[in-house]
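Here's the structure, in structure tokens; my notes come after.
The values are calculated or read from the model by the stated rules, or taken from the named source; none is laboratory data. Computed from a predicted structure; not experimentally measured. We place every Cβ from the backbone using ideal geometry, glycine too, and count neighbours over all the protein chains shown. In case anyone asks, the SASA skips ligands and DNA or RNA and just uses the protein heavy atoms, side chains included. Shrake-Rupley method; radii C 1.70, N 1.55, O 1.52, S 1.80 Å.
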Amino acid sequence: MSASSLWRCRGRVLDLSARTAVMGIVNVTPDSFSDGGRFLDPAAAVARCRELAAEGADLLDLGAESTRPGAAAVPPEEQLRRLEPVLAALAARPAELPGGAGTALVSVDTRSAVVAKRALELGAHVINDVSALDDPDMGAAVAAAGAGLVLMHMRGTPETMQRETAYGDVVAEVAAHLRERRARAVAAGVADECLALDPGIGFAKSGEQSLELLARTAELAALGRPLLVGASRKSFLSRLLDGAPADQRLEGSLAAAALAVFEGAAIVRVHDVAATVRAVRVADAARAARAARTSRGTPNG
Ligand code: HH2
């Protein structure tokens, strides 16, 4: 087990060396691209959290602001109005994993330090920041709680990002940006062991660029922090699946998750938890078999 496969999130430490963590998506929004409106009611969102944990979601990622291309920002007060009852219910009774394996960690998908601070007061373990610290107060808020922090690559904002897809080498540029934001987080007091990095599939990326990031996952995993990959139901899959709408991209999403894991991703963020858990177990085992062969010194033999 190397230090870079441990992820500290407040009092909890995830060991990602042998088993990929699955992060289940619960969008408490009216307008998310694939599940918008389904979990806006707090009771429905809490029930969904319990369902995804029972399916094996190690983390639950609660989002109150859609970040689909073109989406406008949601004010912090409105994000909190959507999130607070759900976070309070999970703090009172955490969502249980199957087989007595403990409880799921709670992550909040927000770019706002005000939202993050309140979510952390209500017990969240992780802040998933798709802007990777554009809010100057975010680093200190996460550091004060010792929480986990996901730093994702994006350019501009969800409203503007699809106008910013000109890259030379997309993987090199994403890696450089993630290195810079990692240093910014550490300078704000966030422990390096609390950080996870994410290439931001579909955020300021064309379909080809998203596919290239997926294919070259190993280069980003080599940055030395757990790599989170979120390809679930995204539009780059549609192009490869004869234009399938978001709710018909399951097989493509599973293939993308398995490929990312085989190439070194440590966490996958997905809508379809039960199926993904089964798919990534196979990828975990194949990756372990490759590592065992390499450590015996017979990579080609
Ligand atoms: N993708 C989405 C939202 N948050 N966070 C991370 N770290 N990585 C991702 O790839 C990522 C993310 C977009 O997906 P979804 O939440 O399903 O949709 P919406 O933004 O419309 O709510």
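I'm trying to understand the selection: among the residues of the range 91-114, which are within 24 Å of Arg233 (Cβ to Cβ) and away from the ligand (no atom under 12 Å from the Cβ)?
Correct list: Ala95, Leu97, Pro98, Ala104, Leu105, Val106.
The selection criterion, being touching a Ser or Thr at 6+ places or on another chain (Cβ under 8 Å) and assigned to a helix (DSSP H, G or I), does not hold for Leu213. For first residues located in the range 270-289 and closer than 13 Å to Ala260 by Cβ, partners that are more than 16 Å from the ligand (Cβ to nearest atom) and assigned to a helix (DSSP H, G or I) and lie 6+ apart or on another chain with Cβ distances below 6 Å form the pairs Ala279/Ala258; Ala283/Ala258; Ala283/Phe262; Ala286/Phe262; Arg287/Phe262. Among the conditions (1) part of a loop (DSSP other than H, G, I, E, B); (2) within 10 Å of the ligand (Cβ to nearest atom), Ile25 misses just one, which is (1). Report, by residue number, each residue of the range 153-174 that is within 16 Å of the ligand (Cβ to nearest atom), open to solvent by 10 Å² or more (accessible area, probe 1.4 Å) and either small (Gly, Ala, Ser) or out of contact with any helix residue (DSSP H, G or I) (no Cβ under 8 Å at 6 or more places or on another chain) (or both). Once the filter is applied, which keeps residues that are within 16 Å of the ligand (Cβ to nearest atom), open to solvent by 10 Å² or more (accessible area, probe 1.4 Å) and either small (Gly, Ala, Ser) or out of contact with any helix residue (DSSP H, G or I) (no Cβ under 8 Å at 6 or more places or on another chain) (or both), the range 153-174 yields Gly156, Thr157, Glu159, Thr160, Gln162.
Checking each residue in the range 30-78 for being open to solvent by less than 30 Å² (accessible area, probe 1.4 Å), of a type outside the set (Gly, Ala, Ser), part of a loop (DSSP other than H, G, I, E, B) and within 10 Å of the ligand (Cβ to nearest atom) picks out Asp35, Glu65, Thr67.
Can you give me the number of residues within the range 232-262 that are part of a loop (DSSP other than H, G, I, E, B) and out of contact with any strand residue (DSSP E or B) (no Cβ under 9 Å at 6 or more places or on another chain)? Write out each step before concluding.
Going through the range 232-262, the residues part of a loop (DSSP other than H, G, I, E, B) turn out to be 232-234, 241-245, 249.
From what is left, the residues that are out of contact with any strand residue (DSSP E or B) (no Cβ under 9 Å at 6 or more places or on another chain) are 234, 241-245, 249.
Of the residues in that region, 7 qualify.
Of the residues making up the range 29-76, those that are more than 16 Å from the chain's Cα centre (by Cα), under 29 Å from Arg163 (Cα atoms) and of a type in the set (Val, Ile, Thr) number 2. Can you find, within the range 100-123, the residue that is modelled with the lowest pLDDT among those that are open to solvent by 20 Å² or more (accessible area, probe 1.4 Å), of a type outside the set (S, T, N, Q) and outside any helix (DSSP H, G or I)? Result: Ala101.
Condition test on Ala144, is it within 16 Å of the ligand (Cβ to nearest atom) and of a type in the set (A, V, I, L, M, F, W, C)? Criteria not met by Ala144. So, Asp15, is that one under 17 Å from the mean Cα position of the chain (by Cα), surrounded by fewer than 18 Cβ atoms within 10 Å (Cβ to Cβ) and under 30 Å from Val282 (Cβ atoms) or not? Taking the combined requirement at face value, the residue satisfies it. Residues that are of a type in the set (A, V, I, L, M, F, W, C) and without any contact (Cβ under 8 Å) to a residue 40 or more places away in the chain within the range 28-65 comprise Phe39, Ala43, Ala44, Ala47, listed in sequence order.
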